[in-house]
Amino acid sequence: MDPRMTSNQLHESPTESASSRDTSPTADAIMAKKLETGKVENDCFEQSVVRRVFTTSKINLRNIAEEHVDIIYEKMQVLPDEYLEELKNGLRVILDGTGGAQHREEFMILQKLVQSRSDLTAKTLVRAHRVQLEILVAIKMGIQAFLHPTVSLSQTSLIEIFLYKRCRNIACQNQLPVDDCACEICSNKNGFCNICMCVICSKFDFEVNTCRWIGCDLCSHWTHTDCAIRDGLICMGTSTRSGTGQAEMLFRCRACNRTSELLGWVKDVFQQCAPSWNRAALMTELDTVGRIFRGSEDVKGRKLFWKCEELIEKMKGGLAEQIACRVILMFFQELEADLSKNTELGEGGRLLAPQEACKQIAEVVQEAIRKMEMVADEKLRMLKKARLAVEACDHELEDKAREEAELKLERQRKKQQIEELESIVKLKQAEAEMFQLKADEARREAEMLQKIALAKSEKSEEEYASRYLKLKLSEAEAEKQYLFQKIKLQESSRSLHSNYGNDPSQMFSKIQDLIKNVYDSSSNADCQPSDRNVARKNS
């Protein structure tokens, strides 16, 4: 049995991520009862299906699923590309299943509408709009990869996929049935591809170099290991090809109903692929092999089961994957040595004749050559598909690189603009701080000048009041002196009149002296007010 291998590891991409979540097998079973209720369910449909009705000229996903191809084509011709892209995005969201039960129900209704139509033939689909055809294929197959902008299949390929004449796996794209296979599975299962799909569940994934897929030695159909274990296709039996007549673990292919031995197949997979597995992959493969041989009753199968369980426990305890890989490979070498020893000895320990031994060796070599040829052919087919997938990824990477370069340039421009704005803001902040400092200094200087002016004003007022009081005092003294002199003069005049009444000349001279004294006193009094005025002017 040949391991499912390819020279190039295929990884899940946006064009493939939804491929293994094929919803069509469950849609029919769940919707069988729903469509029997007639008009009530149609009313519920109008409330549940995604509606994008903006105007009467626009369409939604329900229109595409149930209306005639030509009508939708004419409407799509006048709609802008942005609106058509919105329709595809809306269906991608539904196929993602992130909306829970509501999205699942919406998709199942749309899928049932498409699958129940009999007018969708090759002749009518040729006249369909490109976006219309992509949406119809995505709804029928339940795969959102057909809506991805980087996936560009020809209209002919989309029509063949819709009509189950080409594999719906974008990484495969083989014409169906592959190699004109006439087995019951390929003949009765619409859209089944025996190269990439499981015989039991009809789904595909991108696991390679693994024991999680089992291939039939005779018809080359593939089956998920989990599906085979669940359906009881892996069990004990007697291999007609080994010639030993001993019971061992076998895989019975559902397509051809023939058996293939599993121990040698597991050994081949591990010898060719185990060195390239990482820790998680090795533990997964050991667990898969352990589940395959869990029910084994022969000695070799039980030993392999125990060895897998032992290595898993040791790896959980910290055993390095390189050591675990060497241990399991040495175990297979020991089993092969035991098998060779048993082959040389016939039944019951009888030594085989040299010619018989050579004949058996020749048969083993021929079988190995046949297996290698089958593996080489399969590797070549997978290599071609892998190259196509790699080229698509390269184109996508180039586009992403250009977008990244543009985003970097835009980011640099934005960064420069931000730095310029920050420098301007800092400059304005510095200017504001400088003006604030100047304003504070001016305010302090004004306060200081105001205090000085107030002090000078108070001082000048005090000086003025002091001088004014002094002047008033001087005037009062002068007035007092004047009055005193006047009184004195009067008294003198009386005394003179009494004393010099007989001598007029003496009296006259005395009067002149008195007048002179009075005059001198008046002159002094007049000078003092003038000094006061001068003091006022100086102040």
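Solvent-accessible area of region 161-255 (1.4 angstrom probe, protein heavy atoms only): carbon and sulfur portion equals 44 percent. Once both labels are positioned 7 Å from their Cα atoms along Cα-to-Cβ, the gap between LYS314 and ILE424 label points is 7.0 nm. Using only side-chain charges placed at the Cβ, +1 for Lys and Arg and -1 for Asp and Glu, the dipole size of region 116-217 relative to its Cα centre rounds to 460 debye.
For ASP70 and GLU477, calculate 0.36 nm times their separation in residues minus their Cα-Cα distance, and state this gained length in nm to one decimal. Don't jump to the answer; show the numbers that get you there.
Values: separation 407, 0.36 × 407 = 146.52 nm, distance 13.23 nm.
Length difference between fully extended and current span is 133.3 nm.
For region 363-479, the normalised intensity computed at q = 0.12, 0.22, 0.23 Å⁻¹ comes to -0.85, -1.15, -1.17 (log10 of I(q)/I(0), Debye sum over alpha carbons, equal scatterers, no solvent). Placing unit charges on the Cβ atoms of the charged side chains and taking the dipole of region 95-176 about its Cα centre, the candidate lying farthest along the positive direction among MET108, VAL137, LEU147 is VAL137.
Counting only protein heavy atoms and a 1.4 Å probe, region 157-223 has 34 square angstrom of accessible area per residue. Considering only alpha-carbon pairs that sit under 8 angstrom and 6 or more positions apart, the relative contact order computed for region 228-304 is 28 percent. Over region 150-255, the pair-distance histogram of Cα-Cα distances with 10 Å bins from zero comes to 14, 40, 30, 12, 4, 1 percent, rounded to whole numbers. Report, to the nearest whole %, how much of the accessible area of region 67-130 belongs to carbon and sulfur atoms, 1.4 Å probe, protein only. Accessible surface attributable to carbon and sulfur in region 67-130 totals 52 percent.
For the pair GLN366 and ARG326, label points projected 7 Å from Cα toward Cβ lie 4.0 nm apart.
What ranking of LYS307, LYS400, LYS451 comes out by heavy-atom accessible area, probe 1.4 Å, highest first?
Accessible-area ranking of LYS307, LYS400, LYS451, largest first: LYS451, LYS400, LYS307.
Only one residue of THR238, TRP213, CYS186 has its Cα farthest out toward the positive end of the dipole of region 183-265, where Lys and Arg carry +1 and Asp and Glu -1 on Cβ, and that residue is CYS186. Accessible surface calculations at 1.4 Å, restricted to protein heavy atoms, place region 270-330 at 51 Å² per residue. Heavy atoms only, probe 1.4 Å: what % of the accessible area of region 372-460 goes to carbon and sulfur, would you let me know? Accessible surface attributable to carbon and sulfur in region 372-460 totals 59 percent. Excluding ligands, DNA and RNA, the accessible surface per residue across region 406-496 is 90 Å² with a 1.4 Å probe.
The values are calculated or read from the model by the stated rules, or taken from the named source; none is laboratory data. Computed from a predicted structure; not experimentally measured. As a convention, Cβ positions derive from the backbone with ideal geometry for all residues, glycine included, and neighbour counts pool all protein chains shown. Surface areas here come from the heavy atoms of the whole protein model, side chains and all, with no ligands, DNA or RNA. Shrake-Rupley method; radii C 1.70, N 1.55, O 1.52, S 1.80 Å.
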